[in-house]
Amino acid sequence: MPFFSDVPLLPDDPILGLPIIFAADPRPNKINLGIGAYKTAEGHSLVLTSVKKAESQILQRHLPKDYLPIEGEGEFIKCGLQLLFGAESALLQSGQIFAAQTVGGSGALRLAGEFLAKLVSKTIFLSQPSWSNHKQIFEKSGLSVGSYPYFDPQGHGLDFAGMCEAIRNMPPSSAILLHGCCHNPTGVDPNFEQWKELSSLIKKQQIVPIFDLAYQGFGQSLDQDAQAIRYFAGEGHEMLVAYSFSKNFGLYGERVGLLAITASQAECMPKLASQIKFLIRCNYSTPPLQGARIISTILKSHELTLEWQRELKNMCERVKEMRKALIAALLVKGQDKNFSYMHQQNGLFSFCGLTPDQVQRLRQEKAIYMPSNGRINIAGLNTQNVEYVAESLLSVM
């Protein structure tokens, strides 16, 4: 009996399908501004020197390949929490936080969604727009997904008033997803005073904040990019943080993530830990080993930590320089248009107001690839292609 004959065909993922289409394009001048991964000035993936040294040290130690505990590698979790909340954080000494290693940031988000749907809330609100996979992850977790205004397409900035008004109308015990820094896909973040106002408003409305932090170190600095999360923690929010180590350590394929949960009462932590570990056991049982070892090896070594920080700063600075170069080229070539708002965007991404039709024209006419929402990965630019990209963008606007 053909059990699977009626299984419907789903379309390729709009982001992860881009490299396949890009690879099949024979044009020599093609440019990929799609997937949110850092690229070198030559357009190649980068394996950090600090990572290579950590891998060499791990190999020389002849470590076993046993299963990790359900919650993950202990030293990795300790180092990750210090990176996230600060080494001197009172929260880390309070016993009011539980963390588990996850299969990437996506795995952390899925665990957070399942935990909320099972025990806390039935509704989560996402920024409009947000990373395309957020909606799918939380829907499949069992949550009803709503949205709140975030990006103002006319002013090309944050719709802070609309965001606050939406939060005032969210029901108590619902959840709100916040991007800790380098908002994906817009690159637009609240300033610190706005974060303070959001913290107060979210607490007043009795809403559960979930932070997605995937780009720490690609915005301003490691500490500044975690400033909002640390402030919320200091204000006593019960919250969740989904953290990805893919970008800032260049460990995309190792799938290294962390889920942290803070509670107002330390006696709640064993119960929270039991629930998260149960969800992990029912899903992937235990997390991967190698990526966690690499990160803990780096962060436990003063020398490797300094080298990693220098490499991360260099990646961040290259992205900033390419953003400036794109803005300059757009301003010179499109003198009747104002692109100065792009200076306020942070991280790998930029929004410059492209429609899906314009994105399609760029692909067909110029061999430039990006998601249909017009999100540009600034790291895909270099000194050889930035002028061509600027001309191409202007040609379809």
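Value of Rg to Rh for the stretch 266-363, rounded to two decimals, is 1.20; Kirkwood radius and Rg both from alpha-carbon coordinates.
Short to long, the 5 Å bins of the Cα pair-distance histogram for the stretch 37-155 hold 2, 8, 11, 13, 15, 17, 16, 10, 5, 2, 0, 0 percent of all pairs. Calculated on the Cα set of the chain, radius of gyration then Dmax: 21.3, 66 Å.
Amide H contacts of Leu381: none lie under 5 Å away among residues 5 or more positions distant or on a separate chain (H built 1.01 Å from N in the peptide plane; Pro and chain starts excluded).
Just the number, please: carbon plus sulfur as a percent of the accessible area of the chain, 1.4 Å probe, no ligands or DNA/RNA counted. Write out the running numbers ahead of the final one.
Working: 9600 of 18150 Å².
Ligands and nucleic acids excluded, carbon and sulfur give 53 percent.
Given the convex hull of the Cα atoms of the stretch 2-95, what is a quarter of its surface area in nm²? Show your work: numbers first, answer last.
Details: hull surface 54.0 nm².
Average of the hull's projected areas for the stretch 2-95 equals 13.5 nm².
Restricting to Cα pairs below 8 Å that are 6+ residues apart, what does the relative contact order work out to for the stretch 229-268? Please round to a whole percent. Before the final figure, lay out the partial values.
Details: 42 pairs, mean separation 16.9, N = 40.
Once divided by the residue count of the stretch 229-268, the mean separation gives 42 percent.
Rolling a 1.4 Å probe across all protein chains gives Glu365 an accessible area of roughly 100 Å².
About the Cα centre of the chain, how large is the charge dipole given +1 on each Lys and Arg Cβ and -1 on each Asp and Glu Cβ? Please answer in debye to the nearest 20. Could you put the intermediate results ahead of the total?
Working: 37 positive and 36 negative charges, 77 e Å.
With Lys and Arg at +1 and Asp and Glu at -1, about 380 debye.
I'd like the Kirkwood hydrodynamic radius of the stretch 90-187, using the inverse of the mean 1/r over distinct C-alpha pairs, in Å. Walk me through the numbers before you get to the answer.
On the way: mean 1/r = 0.0679 Å⁻¹.
For the stretch 90-187, the Kirkwood estimate is 14.7 Å.
For Met239, nonlocal amide neighbours, meaning residues 5 or more places apart or on other chains whose placed amide H falls under 5 Å from its own, are Thr262. Sequentially through the stretch 309-323, phi angles give Karplus couplings (6.51, -1.76, 1.60; θ = phi - 60°) of 4, 5, 5, 5, 4, 5, 4, 4, 5, 5, 4, 4, 5, 5, 5 Hz, Gly and Pro residues having no value and appearing as x.
For Cys182, no residue whose modelled amide H falls within less than 5 Å of its own remains once neighbours fewer than 5 places apart on the same chain are excluded. Given Cα pairs under 8 Å that are at least 6 residues apart, what percent is the relative contact order of the stretch 6-103? Reported as a whole number, the value is 16 percent.
With N residues in the stretch 133-251, what two-decimal value do you get for its Cα radius of gyration over 2.2 N^0.38 Å? Please list the in-between numbers first.
On the way: Rg = 14.0 Å, N = 119, 2.2 N^0.38 = 13.5 Å.
Relative to the rule-of-thumb radius for its length, the stretch 133-251 sits at 1.04.
Ellipticity at 222 nm from helices only: DSSP H runs of n ≥ 4 in the chain, each -39500 (n - 2.57), divided by the residue count, give -13000 deg cm²/dmol. Backbone geometry of the stretch 358-370 corresponds, through the Karplus equation with coefficients 6.51, -1.76 and 1.60 at θ = phi - 60°, to 3J(HN,Hα) couplings of 5, 4, 5, 5, 4, 5, 6, 8, 10, 6, 10, 10, 7 Hz, x marking Gly and Pro.
Backbone phi angles across the stretch 337-348, fed through the Karplus curve with coefficients 6.51, -1.76 and 1.60 (θ = phi - 60°), yield HN-Hα couplings of 10, 10, 10, 5, 4, 5, 5, 8, 8, 10, x, 6 Hz in residue order; Gly and Pro are listed as x.
With contacts taken as Cα pairs under 8 Å at a separation of at least 6 residues, the chain carries a relative contact order of 26 percent. Comparing Gly234, Gly347, Gly105 in a Gaussian network model of the chain where C-alpha atoms under 10 Å apart are linked, the largest mean-square fluctuation is found at Gly234. Counting only protein chain heavy atoms and rolling a 1.4 Å probe, the accessible areas of Asp25, Asp6 rank, largest first, as Asp6, Asp25. Given a 1.4 Å probe and the protein chains as shown, Trp195 ends up with an accessible area of around 20 Å². Comparing Glu267, Glu235, Glu317 in a Gaussian network model of the chain (Cα springs below 10 Å), the most mobile by mean-square fluctuation is Glu267.
Among DSSP beta bridges whose residues both lie in the chain, state the antiparallel percentage, nearest 5. Could the numbers behind the result be given before it?
Details: 17 of 36 bridges.
So the antiparallel bridges amount to about 45 percent of the total.
The values are calculated or read from the model by the stated rules, or taken from the named source; none is laboratory data. Just so it is clear, the structure is predicted and the values come from calculations on it, not from any experiment. Every residue, glycine as well, gets a Cβ built from its backbone with ideal geometry; the counts of neighbours run over all protein chains shown. Accessible surface areas use protein heavy atoms only, side chains included; no ligands, DNA or RNA. Shrake-Rupley method; radii C 1.70, N 1.55, O 1.52, S 1.80 Å.
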